[in-house]
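Asker: Dropping the structure in here first, questions after.
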Amino acid sequence: MKPPVQPLGASRWRQIGLITLGAGALFIGFRYLPTGTNLSHMDFRVTGGNSIEFCDPLNPQFIPVVAVRSPVTMTLTPATAEVKPGIEGHFALTLVTASGKRIAPEDLLVTHTRRLHLLIIDPWLDDYQHVHPEPGRQPGEWAFAFKPKRAGVYRVFADFTPAATARGLYASADLPVGGARLPTGLTLIMQHEPAWTAERAGYRFALTPATEPVRARQPVDLTFTVVKAEGGAVRLEPVMGAFAHLVAFDEARSGFAHLHPTETDVTKSPDPVRPVLHFKITIPQPGRYVIWSQVKLGGRDVFAPFWFEVEGEPD
């Protein structure tokens, strides 16, 4: 026979109540700890539809940055009246929230070793550069430099994570080079043949999809490999906290996808002769695309493109 359950005394209830109150206070305290930013989630709120949603950094996808509204406006101001091809240009950059506040370094989290990433691409998808602005002279101002290869309207995508939301966010702006005043909606494409291989700086790069053809709205696994053209060791060095980065652009430069390898532990080096890394991507629409890879070899960044067609879903 079980002994009868004794009711809790007043002192025990008081003890439980104090523990509950203490836990609640601790939770609230952690929620309101200062983060160093004066911005809040409401500063990034835009009214109406067709706006960029905050994106989960653990689930990267193709972001249609140009076709939808961003809660952040990016402005680029060159140091000279004209940006010329083949000459390094210097720029001031500002990011302004929907509430009209400038975004300063303390307002952004460090992601992939940097607070702010710029993905810069020319109209032909043939000149891709990845740049990291630094804090400028004025509060809320950023500074960066890059050397465009040719004349045309370059598109600059910003990739960043506000501390107030801890979710990835994006913005874009166009930058005329060489006095070019091409319509921003005009796409001029050098007709590259589809190729899952490329050779740059004495190395052969390959990106192999698990299934072909690549189809819109269907996830595909990608295998990335590098070998030395003349044979020998290939020692990948970490770049932005990974052994490689991939960035996909569509023909119209309507957006991008920034991909990172599933191999996340940079303390474990890939094979020193034929390193292999794995990626995933889902392309939203049929059409022509390029994926640019970025690795670090011998202390310098090396970029290689892969051109491919995406077909529609089968009937």
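The values are calculated or read from the model by the stated rules, or taken from the named source; none is laboratory data. Worth saying up front: this structure is predicted, and the values here are computed from it rather than measured. Virtual Cβ from ideal backbone geometry, glycine too; neighbours counted across all protein chains shown.
Asker: Hey, P261 hits all of (1) touching a Ser or Thr at 6+ places or on another chain (Cβ under 6 Å); (2) part of a loop (DSSP other than H, G, I, E, B) but one; which does it fall short on?
Answerer: (1)
Asker: Can you give me the number of residues within segment 139-156 that are surrounded by fewer than 18 Cβ atoms within 10 Å (Cβ to Cβ) and either of a type in the set (A, V, I, L, M) or over 17 Å from T37 (Cα atoms) (or both)?
Answerer: Total satisfying the criteria: 5.
Asker: Among the candidates A104, A98, which residue alone is in the same structural domain as Q138 (by TED's automatic domain parsing), surrounded by fewer than 22 Cβ atoms within 10 Å (Cβ to Cβ), under 16 Å from L169 (Cα atoms) and in contact with a helix residue (DSSP H, G or I) (Cβ under 9 Å, 6 or more places away or on another chain)?
Answerer: Going through A104, A98 in turn, just one is in the same structural domain as Q138 (by TED's automatic domain parsing), surrounded by fewer than 22 Cβ atoms within 10 Å (Cβ to Cβ), under 16 Å from L169 (Cα atoms) and in contact with a helix residue (DSSP H, G or I) (Cβ under 9 Å, 6 or more places away or on another chain): A98.
Asker: Here is a list: E199, E212, E237, E230. Which entry is closer than 19 Å to Q285 by Cα, surrounded by fewer than 20 Cβ atoms within 10 Å (Cβ to Cβ) and of a type outside the set (F, W, Y)?
Answerer: Just a single option satisfies the conditions, and that option is E212.
Asker: State which residue pairs qualify: first residue over 19 Å from R204 (Cα atoms) and touching a residue at least 24 places away in the same chain (Cβ under 8 Å) and inside segment 260-285, second residue part of a loop (DSSP other than H, G, I, E, B) and of a type in the set (G, A, S) in any location, beta carbons under 8 Å apart, and separation of 6 or more residues or different chains.
Answerer: Short answer, once both residue conditions are applied: V266/G241; I283/A216; P284/A216; Q285/A216.
Asker: Say we look at segment 266-288 and pick out the residues that are of a type outside the set (G, A, S), assigned to a strand (DSSP E or B) and over 17 Å from the mean Cα position of the chain (by Cα); which of these is nearest to D221 (Cα to Cα)?
Answerer: Among those that are of a type outside the set (G, A, S), assigned to a strand (DSSP E or B) and over 17 Å from the mean Cα position of the chain (by Cα), it is H278.
Asker: Within segment 74-185, which strands (runs of 3 or more DSSP E) (wholly inside it) include 1 or more residues that are under 24 Å from H260 (Cβ atoms) and small (G, A, S)?
Answerer: 152-160, 169-177
Asker: Looking only at segment 193-205, decide whether some residue is part of a loop (DSSP other than H, G, I, E, B) and free of Cβ contacts under 8 Å to residues at least 60 places away in the same chain.
Answerer: yes
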